[in-house]
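The values are calculated or read from the model by the stated rules, or taken from the named source; none is laboratory data. Nothing here was measured: the structure is a model prediction, and the numbers come from that model. In this analysis, Cβ positions are derived from the backbone assuming ideal geometry, glycine residues included, and neighbour counts consider all displayed protein chains. Heavy atoms of the whole protein, side chains included, go into the accessibility calculation; ligands, DNA and RNA do not. Shrake-Rupley method; radii C 1.70, N 1.55, O 1.52, S 1.80 Å.
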Amino acid sequence: MLTVEKSGPIAIVTLNRPEAMNALSKALRAMLHTVMFELDADPAISVVVLTGAGEKAFTAGLDLKELGSDPRAMSAANDQGAETNPVKAIELCRKPVIGAINGVAITGGFELALACDVLIASENARFADTHARVGIMPGWGLSQKLSRLIGIYRAKELSLTGNFIDATTAAEWGLVNRVVPAAELMPTALKLAADMASIPVETLSFYKSLIDDGFDRSFRKGLEIEHERSSAHNRKVTPAAVEARRAQIQARGRSQ
């Protein structure tokens with residue numbers, strides 16, 4: 001249902017229900033929370049890559065069969081605890097999470113994709129917000145996050161039609177970082193993860209929180225947060241440490 005593969009400082013987490021388009025059942029959501037909590041606490045892991053099994057779906061979102069058979073299951077659409085809300089499980093990870101979107105990301109699956117820090121999409125990837133067509137409203141942040149990412153007009157087009165957009169359009173609209181052939185999806189995501197993992201994990205986590213916490217607020221408040229935190233951090237940086245990093249950067253620049 002969920003697999004974890006560790007390769008040095010990189011962990012690959014795969015939603016593994018291909019027969020159900022990797023739908024987010026209650027059991028899968030609980031497993032995702034457990035795994036992300038463990039990886040967040042693992043000092044040997046710096047970066048997480050999240051993907052889906054197969055080529056058809058990243059995830060189709062909440063398991064509609066489960067929702068249709070259990071009157072209590074509908075509450076999952078509004079759960080805020082990370083144990084049952086997979087978006088929270090991803091967002092609470094202090095380490096970078098790269099979404100490798102291998103197929104469709106629909107409704108709750110769309111929300112899960114947008115919880116990642118960076119998105120690499122296969123040419124097979126497609127995105128859709130079908131909340132309105134299912135007759136439910138988003139409770140994991142999509143109605144607010146999507147308009148902030150791609151603009152209110154495009155967000156309304158997607159959410160008020162339930163139409164799909166392909167990977168190329170998603171890249172043009174700024175929803176994903178880049179689109180690659182299906183065979184190159186994981187190699188590309190892992191190469192990016194390796195680039196991130198070459199930076200100390202404490203620095204990655206600090207910078208990620210600096211970006212996220214500022215983005216949640218006004219531009220002015222974000223600048224205040226940056227000044228406060230960077231001032232406290234930079235006072236601890238020694239000239240010797242800067243010199244050591246400078247040499248590493250120069251060596252890396254020559255090799256790229």
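Overview of results
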item	result
Members of region 1-44 that are on the phi > 0 side of the Ramachandran plot and open to solvent by less than 70 Å² (accessible area, probe 1.4 Å)	Gly8, Asn22
Every pair of residues 6+ apart whose Cβ atoms lie under 8 Å, when the first sits in region 175-189 and is of a type in the set (Lys, Arg) while the second is in a helix (DSSP H, G or I)	Arg178/Ala171; Arg178/Thr188
Region 17-29 residues that are modelled with pLDDT under 95, paired with ones that are open to solvent by 50 Å² or more (accessible area, probe 1.4 Å) and not in a loop (DSSP other than H, G, I, E, B) (beta carbon under 7 Å, 6 or more apart)	Ser25/Glu66; Lys26/Glu66
Strands (runs of 3 or more DSSP E) enclosed by region 108-212 - at least 3 residues per element that are in contact with a strand residue (DSSP E or B) (Cβ under 9 Å, 6 or more places away or on another chain) and buried (at least 18 other Cβ atoms within 10 Å of the Cβ)	118-122, 126-128
Long-range neighbours under 8 Å by Cβ, at least six apart or interchain, first residue under 21 Å from Cys93 (Cβ atoms) and touching a residue at least 12 places away in the same chain (Cβ under 8 Å) within region 212-238, second basic (Lys, Arg) and surrounded by 10 or more Cβ atoms within 10 Å (Cβ to Cβ)	Gly214/Lys221; Ile225/Arg217
Residue within region 73-81 that is of a type in the set (D, E, K, R) and modelled with pLDDT under 80 present	yes
